[in-house]
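Let me begin by presenting the structure, written as structure tokens, before commenting on it.
Just so it is clear, none of the values below were taken in a lab; they were calculated from the coordinates. In this text, all values refer to a predicted model and were calculated from it rather than measured experimentally.
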Amino acid sequence: MRNTLNRLRRDQRGAINVMSVMGAMFVVAAVVGLTLAIVATVWVQNLHDDLRDDIRHAASQEYGLKLTDAQAEKLMPYDARRSDVEVHPEYGVKIDGKQYTVHYVDSTDGPRLVQPDGTELPKS
């Protein structure tokens with residue numbers, strides 16, 4: 001009887017050690033997952049901020065427009081519900097007292113503001 005009890009105790013210790021290792025692995029996996037989620041969120045936010053700054057800079061340099069962050073945000077393209085469709089919202093701007101409706105286009109020459117008919121906004 002004593003041998004059976006000793007063997008059961010040894011088996012339980014082994015099981016406790018396996019459970020401890022599994023628990024530790026779960027904690028490590030959770031910490032790694034949380035860290036990756038935070039890094040990905042910060043990375044995406046930086047990309048978003050960089051695009052907004054590019055739009056503001058291009059509007060200032062090319063067209064003489066002083067856009068606020070909120071105005072540049074309204075011009076930023078975003079993905080529609082389908083991943084293969086990108087939506088380019090239109091926004092009204094004034095240059096020399098004349099009103100234009102424009103949307104942002106990322107061309108090979110850099111960011112451009114384009115009217116709905118496809119013509120580029122007049123440069124200042």
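At-a-glance table
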{"read-out": "Region 50-64 - phi-based ³J(HN,Hα) in whole Hz, Karplus 6.51/-1.76/1.60, Gly and Pro as x", "value": "5, 5, 4, 5, 4, 5, 4, 5, 5, 5, 6, 6, 7, 10, x"}
{"read-out": "Under 19 Å from the Cα of residue 74 - lysines, other chains or at least 8 residues apart", "value": "66, 94"}
